[in-house]
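Right, one structure below, let's go through it.
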Amino acid sequence: MQFSDTFSFQSLHDELSSQGILILRNTQLRERNSLGFAATAELSCVIRSAEQIPPLMSAVLSAGMPWRVLGGGSNVVLPAHLPGMTLLMEIGGQAIISNDQAATHIRVGAGVNWHELVAWSLAQGLPGLENLALIPGTTGAAPIQNIGAYGVEVSDLIQSITAFDCTAQAFVEMTPDACQFAYRDSIFKRQPQRYIISAVAFSLPKNWVPQLQYADLTNFFSAPKNLPSPTTIFDAVCTIRQKKLPDPKVIGNVGSFFKNPSVSQIQLAQLLNTFPRMITYPQGNGSHKLAAGWLIDQCGFKGAQRGAVGVYEKQALVLINLGKGTATELLALASEIQAAVQDRFGVLLEIEPVRM
Ligand SMILES: Cc1cc2nc3c(=O)[nH]c(=O)nc-3n(C[C@H](O)[C@H](O)[C@H](O)COP(=O)(O)OP(=O)(O)OC[C@H]3O[C@@H](n4cnc5c(N)ncnc54)[C@H](O)[C@@H]3O)c2cc1C
């Protein structure tokens, strides 16, 4: 059902435009999702300031229409039609808000491009985010799945989050504990209809220590004369990522399509018995992560094609749009992969991007 079947677009438009909030109809989102799927938002609103959110959400919630937030669209699988309201997050601005002996504190608008923020922080002489260079998307989306790469998770550096709580219909300041961060997870991912993040504050520690424990970085800096600087690590991460991952502007993708599954010590021992070359990472809590890409590769999917979608030939964890692919086709391929991995290894792969 179209939202506009049950509610007058004109009355919503008039109500909100009197408050300076512009509602658009039938917005094309192909350029706003990194899979490059054709998708149309029935209604959309570009959010450039936090003040727009309360009146917009009051109207959206009282009309009972479906809604969602879209940042850069680099971790979503979009259907052809998105009913109701799509908030296009574009709140800008980043600033140093305070300094103490231990850390520098910065506050960043939810619509700020993540990679540009990492580059900006280093240009200010503030290290800490360099391992997370070149992750696509917005700063407001970074806490949603607690983005992580090369041994660092964004939650390691988050001080607080400002979000509009749609249940209380008020802005809240959330501590990292309240965000319930975990591996590619947070309260925001588990309760997608509750919070709209408008700003993120980071605490960048002054006693910076390079994080080089991840194998790719350890190898890159295998024989350094001096300890690498934050900008050298930033450059290394960009170089490594550009070699491994397809550029979404050229080949539509959302990065890793599945999370690395976690198994117990007992399960691991059984698996290693049958598959001694399996790639595993100890978690320090008795559990172990398995490399999802390795599992998929072993099932023969690397480079596979199904209609207009496929598996990237250099990295089996990345599913791609070959041109005219759709969410239905991609999710069918994902199910086929899940079934094959479950059948061969007895392990369930969980899909990482958000299906809208
Ligand atoms: C080539 C490539 C490489 C990648 N590499 C990594 C990686 O190394 N590590 C990693 O963790 N991820 C990676 N990703 C995934 C993705 O870049 C991140 O998850 C990123 O944070 C998504 O940001 P976005 O703005 O595009 O979010 P979107 O895709 O627009 O949205 C993702 C989810 O967040 C919600 N959301 C977005 N903004 C807000 C907001 N302000 N308030 C409330 N909810 C919001 C959306 O509703 C949706 O549920 C990669 C993706 C690609 C394409």
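The values are calculated or read from the model by the stated rules, or taken from the named source; none is laboratory data. As the structure is a prediction and not an experimental result, all values here were calculated from the model. FYI the Cβ positions are ideal-geometry reconstructions off the backbone, even for glycines, and counts take in every protein chain you see. Areas reflect the complete protein model, heavy atoms only, side chains present, ligands, DNA and RNA absent. Shrake-Rupley method; radii C 1.70, N 1.55, O 1.52, S 1.80 Å.
Against the condition surrounded by fewer than 21 Cβ atoms within 10 Å (Cβ to Cβ), β-branched (V, I, T) and modelled with pLDDT of 95 or more, how does T104 come out, does it pass? When the stated conditions are applied, T104 passes them. Inspect segment 127-149 for any residue being free of Cβ contacts under 8 Å to residues at least 12 places away in the same chain and either β-branched (V, I, T) or within 24 Å of T239 (Cα to Cα) (or both) and give the result as yes or no. No, the conditions are met nowhere in segment 127-149. Taken over segment 303-356, the criterion of being exposed (fewer than 15 other Cβ atoms within 10 Å of the Cβ) and assigned to a strand (DSSP E or B) is satisfied by Q305, R355.
Just to be sure, is G140 crowded, with 22+ Cβ neighbours inside 10 Å and not in a strand (DSSP E or B)? Criteria met by G140.
Residue check: is L295 more than 16 Å from the ligand (Cβ to nearest atom), assigned to a helix (DSSP H, G or I) and either buried (at least 18 other Cβ atoms within 10 Å of the Cβ) or over 21 Å from the mean Cα position of the chain (by Cα) (or both)?
Values: more than 16 Å from the ligand (Cβ to nearest atom): yes; assigned to a helix (DSSP H, G or I): yes; either buried (at least 18 other Cβ atoms within 10 Å of the Cβ) or over 21 Å from the mean Cα position of the chain (by Cα) (or both): yes.
Here the answer is yes, as L295 does meet what is asked.
Scanning segment 74-88 for residues that are open to solvent by less than 20 Å² (accessible area, probe 1.4 Å) and closer than 14 Å to T27 by Cα gives L78, L82, G84, M85, T86, L87, L88. Within segment 135-156, the set of residues being near the ligand (Cβ under 6 Å from one of its atoms) and of a type outside the set (V, I, T) comprises P136, G137, G140, A141, A142, Q145, G148, A149. Residues of segment 164-185 that are of a type in the set (G, A, S) and in a loop (DSSP other than H, G, I, E, B): A168 alone. Residue under question is L271, and the condition is that it be over 18 Å from G151 (Cβ atoms) and either assigned by TED's automatic domain parsing to the domain that holds Q305 or at pLDDT below 95 (or both); does it hold? Criteria met by L271.
Apart from one condition, M278 fits all of (1) touching a Leu at 6+ places or on another chain (Cβ under 7 Å); (2) within 27 Å of G93 (Cα to Cα); (3) of a type outside the set (D, E, K, R); the exception is (2).
Right, I53: open to solvent by less than 10 Å² (accessible area, probe 1.4 Å), within 16 Å of the ligand (Cβ to nearest atom) and either touching a Phe, Trp or Tyr at 6+ places or on another chain (Cβ under 6 Å) or closer than 16 Å to T162 by Cα (or both) or not? Against the criterion (open to solvent by less than 10 Å² (accessible area, probe 1.4 Å), within 16 Å of the ligand (Cβ to nearest atom) and either touching a Phe, Trp or Tyr at 6+ places or on another chain (Cβ under 6 Å) or closer than 16 Å to T162 by Cα (or both)), I53 qualifies. Contact annotation: residue pairs with Cβ atoms under 8 Å, 6 or more positions apart or on different chains, pairing a residue in segment 182-210 that is under 18 Å from I351 (Cβ atoms) and open to solvent by less than 70 Å² (accessible area, probe 1.4 Å) with a partner that is of a type in the set (S, T, Y) and near the ligand (Cβ under 10 Å from one of its atoms), are F188/Y195. Picking from Q145, Q94, Q124, which residue would you name as being under 23 Å from I187 (Cα atoms), modelled with pLDDT of 95 or more and open to solvent by 10 Å² or more (accessible area, probe 1.4 Å)? Criteria check complete, one pass: Q145. When L43 is tested against the conditions (1) open to solvent by 20 Å² or more (accessible area, probe 1.4 Å); (2) free of Cβ contacts under 8 Å to residues at least 60 places away in the same chain, the lone failure is (1).
Selection of segment 157-169 for residues being open to solvent by less than 40 Å² (accessible area, probe 1.4 Å), more than 10 Å from the ligand (Cβ to nearest atom) and small (G, A, S) yields only S160. With respect to (1) among the aromatic types (F, W, Y); (2) in contact with a strand residue (DSSP E or B) (Cβ under 6 Å, 6 or more places away or on another chain); (3) closer than 21 Å to Y150 by Cβ; (4) more than 16 Å from the ligand (Cβ to nearest atom), the lone exception for F301 is condition (3).
Quick test of your reading of the structure: R48 fulfils all but one of (1) open to solvent by 30 Å² or more (accessible area, probe 1.4 Å); (2) more than 10 Å from the ligand (Cβ to nearest atom); (3) under 16 Å from Y195 (Cα atoms). Name the failing condition by number. The single condition R48 does not satisfy is (3).
The set of residues from segment 61-87 being within 15 Å of the chain's Cα centre (by Cα) and either within 9 Å of the ligand (Cβ to nearest atom) or farther than 14 Å from P192 by Cβ (or both) comprises R68, V69, L70, G71, G72, G73, S74, N75, V76, L78.
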